[in-house]
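To keep things clear, I will list the structure first and then write my remarks on it.
Every number in this text was worked out from the coordinates using simple rules, so none of it is lab data. Because the structure is a prediction, the values reported are computed rather than measured. When we count neighbours, we look across all protein chains shown, and the Cβ atoms used for this are built from the backbone with ideal geometry, even at glycine.
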């Protein structure tokens, strides 16, 4: 295939060319002079599976021929080159083994790290071990590093690194180590018996040690060749010569090629071009090459900048989008890609920011466009992934109402069954019950009690739920095999539904199949995981699910592509969009290394952080040299101002200092503003919507409420619209699904404790009274408050007010006797069809036959002024007592009505009965109700709130926010 060559055979595809197309076209030229059988013997190693598919597709689209063997470089790790070389150990198994060692070390010395970090530390250690094997670095090299200037951190790190030393000695290699061993064995074999068929390595930069060794060996074969992607032919030889390892230029996009050429003793300027010279925008490549020169660059820009030539030609295909927010950036990108589809062009979005690419995907959904995303979707975000994560949570925490409903409503629960509609109906009914009545943590007994009141097969359905989901939390250590078996069993039974052995749709479709593969692989290596707690198992499963990806190759639009930087390295498109060009995103911020700092890595011969930056720079340089390119960034993130990517900064700074450059830069930004403006106009509403007026509905008299409780009168005065929504429209607010230990629950519990104490007729002056009260409190809290920490906190508060309550209670008992607690009363107005109801916390009778009304207040009691004008509960209850509303006591005079303070301020607040006599209170109340029966009176929203910060239950219905308290109400006649 190749003519004889004295030195290594290295080719390069220049910047601005589609690498895959150039590779295919060049191979076609060589294959024309070869027999079909010789073509079939050609081995081509590429670096990604997407490139493998693309190159195969290009051959299929051309004339008929026997295909060469197209393999991945990483496939070398599976080659059976030597029988003595065992297969590579599973990465998952190695992680589990190392995690066991890390846990043992942390148990021996808990000061090193927390036990919860064992899984994460093991993952990081395995990554370091992989890198050491791939780069040929022995543990002894790490142990013998010069750490004279390091702190005690190194001793701690070395204790972890020593854990993995035995794995280098037992012959069980990781994939990186086995690949290096295979490469070394190939090199030895080729030295004695070189292959006669052509071997080509295409698209790799040789950034890793094992890959670079393989490429060097192939380059020196008589029929071997290396084809480098994105070679900068515009960089002078003098600049190439300055890129030494000691020069600190490893973050330059072409540094890898320089290091590779140095290993082969050739100069980069002598690399030949692959295939026929395609038409490229040399003005663009020269501009980008100069902007990325290794430091110092200023004098190079001054000297070489004027020689660039036509800057208009170099920049006319570049658009620069500088969006205000990531959302605006995603919308502008989506609009540009939509235009590309309209123009029948192929558009590729390249970005390491997966959040941004998902936002673009969501924006494209406006036009029904699903992009072909090379990265797919993380398994943890798919339906099976979320389902498995929710179930793992149940092993760590008690089942609460929210978790139960999340799982029952999950599309995989009770799936693939004809009666799933019944399942959904029962779930709705159960949700309403749990919201209103609880309990916060459902049990088999509470669920069964609810089901017994429901018709049909609800009892069997609840029995299935209880058998699958209740009482799963158990943090006792179990073997990994037991954890997995239980996890899969619960997931299968919940997905299959009752009375079936199936698993529903859990393991179906692409995401389900990937989830099954992941769980099966974990199960097959469970013997290496030892024992772990439920929390450790949850962390392990979450890590494994987040590492797996699901991709549907048939779902994407063929002209709308989303590539990672690795896929973009060896292919191009008619429109290339580089997005997320901010520091920390592109290039990505170096990942913190818990083991070795940069000097130690350099001393050991491991990869430096600048390597990743250099690869990202090369990806940028290749992509930005496309014929039409968009450079996109957001000026501000969700948190703060952003910093432009260093490469964008270099380009803008260079253009800003060249003659005609500022005009070209402004033109690039103007083109970007066009797409931002277009995206904003598309997202803007098509018509102006007038804000809603402040509502004040006026229903007819017969539709108005004819019964209210004494506590609702305050609402009628302060926020009449809430009464309208609840009593006229019949809209009751749903209670929160996530029950929390809030103030209303605390009040209910305190009321229950004191009610029990009073009805037991315990003498508050007795020396054992406090103990009896606290015993009642403990029992009530255990029954009504299922949160242990909150129980302890609330019990402490009860202890704090118990002496004050007992002392005041003794005073009350000295001149009165309790009649009853939670007394219900009702009273009809004589001249209006209206009834007032109320439940008094407690009514006592004084020795002289007068009523004493008490109301327990765990919060702040209303002042006398507030009771006069708004909070009329006790005043109305006093009037009701004197009119015989409470049948148990008849018509008696009210001596006093008092709020018993049990909050932070242990102070009783009496109702102002002297200033507001009961007769006057009742007369005013009748007048108030008469006004509210007037069909012209509107239920105005938020008419007299105590504070503007007050949040009403029905504010959203009233569209509060479109108006405020300064707006006049707009009465609405509803008759």
Any idea what the alpha-carbon Rg over 2.2 N^0.38 Å comes to for region 28-113? 1.87
For region 845-975, rounded, prolate or oblate, judged on the Cα gyration tensor with a ≥ b ≥ c (square roots of eigenvalues), a/c < 1.5 rounded, else prolate if a/b > b/c? oblate
Across all directions of projection, what mean area in square nanometres is found for the Cα convex hull of region 876-917? 3.5 nm²
The distance between the Cα centres of region 885-942 and region 145-220, in whole Å, is 85 Å
Kirkwood Rh and Cα Rg combined as Rg/Rh, region 650-733: 1.56
Grab the beta carbon distance between residue 313 and residue 792, set R0 = 56 Å, and tell me the FRET efficiency rounded to 0.05. 0.15
Cα coordinate range in region 739-932, projected on the principal axes (Å, largest first): 52, 40, 27
With each label point set 7 Å from Cα along the Cα-Cβ vector, what nm distance links residue 920 and residue 345? 8.3 nm
How big is region 91-172 on each of its three principal axes, counting only the C-alpha atoms and giving the largest first in Å? 33, 31, 17
Output the peptides 575-586, 402-413 sorted from most to least packed, where packing is the average of other Cβ atoms within 10 Å over each peptide's residues. 575-586, 402-413
Centre separation in Å (Cα based) which lies between region 455-502 and region 551-594: 41 Å
Under the 0.36 nm per residue contour assumption, what length would be gained going from the current alpha-carbon distance of residue 552 and residue 678 to full extension? 42.3 nm
Take region 293-419, compute every pairwise Cα distance, and split them into 5 Å bins from 0; I just need the percent in each bin. 2, 7, 12, 11, 11, 10, 12, 11, 8, 4, 3, 3, 3, 2, 1, 0
Only Cα pairs under 8 Å and at least 6 apart count here; give the relative contact order of the chain as a rounded whole percent. 14 percent
R0 of 51 Å, Cβ-Cβ distance residue 591-residue 453: FRET efficiency to nearest 0.05: 0.35
Go ahead and run the numbers for FRET between residue 906 and residue 813, Cβ-Cβ distance against an R0 of 25 Å, rounding to 0.05. 0.85
Cα-based Rg / Dmax (Å) for the chain: 38.2, 124
In whole angstrom, note down how far apart the Cα centers of region 766-827 and region 1-31 are. 89 Å
Relative to a virtual label point 7 Å from the Cα of residue 419 in the Cα→beta-carbon direction, which members of region 456-471 show backbone nitrogen distances below 17 Å? 456-468
Per residue, how big is the convex hull around the C-alpha atoms of region 186-300? Give it to me in cubic angstrom, could you? 113 Å³
Could the peptides 44-54, 420-430, 633-643, 845-855 be put in order, highest first, of the mean number of other beta-carbon atoms found within 10 Å of their residues? 44-54, 845-855, 420-430, 633-643
Using only helices, what value at 222 nm comes out for the chain when you add -39,500 (n - 2.57) per DSSP H run of length 4 or more and divide by the total residues, to the nearest 500 deg cm²/dmol? -14500 deg cm²/dmol
How far apart, in nm, are two points set 7 Å out from the Cα along the Cα-to-Cβ line at residue 736 and at residue 635? 3.9 nm
If packing is taken as the average count of other Cβ atoms within 10 Å, what order do 120-127, 297-304 fall into, highest mean first? 120-127, 297-304
Any idea how far apart residue 653 and residue 147 come out in nm if each label point goes 7 Å out from Cα toward Cβ? 3.7 nm
From the Cα trace of region 379-550, what convex hull volume per residue do you get, rounded to a whole Å³? 103 Å³
If you take the Cα Rg of region 564-665 and divide it by 2.2 N^0.38 Å, with N the number of residues, what do you get? 1.27
Binning at 5 Å from 0, report for region 449-499 what percent of all alpha-carbon pair distances ends up in each bin. 4, 18, 22, 19, 15, 10, 6, 4, 1
I'd like the orientation of helix 458-469 relative to the chain: the angle between its Cα long axis and the longest Cα principal axis, in ° from 0 to 90, rounded to 10. 50 degrees
Between 0 and 90°, nearest 10: helix 175-192 axis offset from the chain longest Cα axis: 10 degrees
Kirkwood radius from Cα pairs of region 475-561 plugged into Stokes-Einstein at 37 °C, 0.692 mPa s, gives D in µm²/s equal to 224 µm²/s
Looking at the square roots a ≥ b ≥ c of the eigenvalues of the Cα gyration tensor of region 250-318, which shape do they give, rounded for a/c under 1.5, prolate if a/b is larger than b/c, or oblate? oblate
Return, for the Cα atoms of region 360-453, the radius of gyration and Dmax in Å, separated by a comma. 17.4, 53
At q = 0.20 Å⁻¹, work out log10 I(q)/I(0) for region 302-351 with the Debye formula, treating every Cα as an identical point scatterer and leaving solvent out; two decimals please. -0.82
Label-zone membership for region 347-362, site residue 643, 7 angstrom Cα→C-beta point, backbone N under 19 Å: 352-353
